[in-house]
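Structure first, commentary second.
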Amino acid sequence: MSSKDQTTASRTRRPRPKAGTEAAAPEQERTPHPGGRPRDPAIEGAILQATRKRLATDGYSRMTIGDIVADAGVTRPTLYRRWPNKYELVVDALHYGLQQREAAFPPIELERMTPLEAFTEAVRRLDPRANNERAMALIGNFMGETEREPGLFEHLIEHGNKPRCEELLLTLRHLQDKGAVRRDVDLDTLVSLCLGSYFGDYLRTGQKTPRDLADRVVATMWPTIRTDEHE
């Protein structure tokens, strides 16, 4: 094979960007210059916040790197030094939201609460919009992308919904161990019902989460799961 043919074959075998995603920046844009300035957390935060906003308003497919850098007030090379493509940026934006939630909600002090207080607090923390008013739109967009980018919804389940549900599940198990919740209660179904109450309320009203929603959900559920000693 001639040198010209080898060059052509090499170009032909060059991997293409995944369908539905933007191509990564050239290597010279993505690799920081040795000895350059350290990364600024404020810049990364601005990019991640701009990404989360665009995800809620535009959805993953319509969201562009150009829109994000414009919203964040940075350049493309600045973004590509940190994230090689849109998919990885979005995954980090999800983790960024989880970190914000963890900072806003320290562990529940179960031993200092009554069973009813502990159950109510855990249900209150299920609210997807507790620290992100655009959460419902973001979740809806990710559900709409399931066929094109199934990994995004999987990340949302694993790192967004699962930690909240696990906190409620562990709280209920603790209450069972203390004898406050009946042993025959299907805890997994109970967690799903409590989580679903936030989506049901939003789909019915389209309004912000009522401040007393967790109290009303617990008032409905508690009589059916408590033991006789905790009436």
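Using a 1.4 angstrom probe on heavy atoms only, work out the carbon and sulfur share of the accessible area of region 103-231 in %.
Result for region 103-231: 52 percent of the exposed heavy-atom area is carbon or sulfur.
In the neighborhood of ASP188, defined by Cβ-to-Cβ distances under 12 Å, what is the net charge if each Lys or Arg adds +1 and each Asp or Glu adds -1?
The answer is -1.
Return the FRET efficiency for the residue pair HIS159, SER192: r is the Cβ-Cβ distance, R0 is 25 Å, and the value is rounded to the nearest 0.05.
Here the calculated transfer efficiency is 0.85.
In the neighborhood of TYR96, defined by Cβ-to-Cβ distances under 13 Å, what is the net charge if each Lys or Arg adds +1 and each Asp or Glu adds -1?
Here the charged neighbours net out to 0.
Could you quote the convex hull projected area for region 86-155, Cα atoms only and averaged over all directions, in nm²?
5.5 nm²
From zero outward in steps of 5 Å, how is the percent of C-alpha pairs of region 118-211 spread across the bins?
3, 12, 21, 22, 18, 12, 7, 4, 1, 0
Looking at region 154-199, what % of the alpha carbon pairs are farther apart than 11 Å?
67 percent
Using Cα positions and a limit of under 18 Å, work out the aspartates and glutamates in reach of LYS86, with same-chain residues fewer than 8 apart set aside.
GLU22, GLU27, GLU29, GLU44, ASP58, ASP67, ASP71, GLU145, GLU147, GLU149, GLU154
Determine the distance separating the Cα centre of region 135-210 from the Cα centre of region 55-113; give it in Å without decimals.
Using only Cα atoms to place each centre, the spacing works out to 20 Å.
Modelled label-to-label distance, ARG62 and ALA137, 7 Å Cα→beta-carbon offset: nm?
1.0 nm
The values are calculated or read from the model by the stated rules, or taken from the named source; none is laboratory data. Note that the structure is a prediction, hence the values are computed from the model and not measured. As a convention, Cβ positions derive from the backbone with ideal geometry for all residues, glycine included, and neighbour counts pool all protein chains shown. Surface accessibility is based on the protein's heavy atoms, side chains included, excluding ligands, DNA and RNA. Shrake-Rupley method; radii C 1.70, N 1.55, O 1.52, S 1.80 Å.
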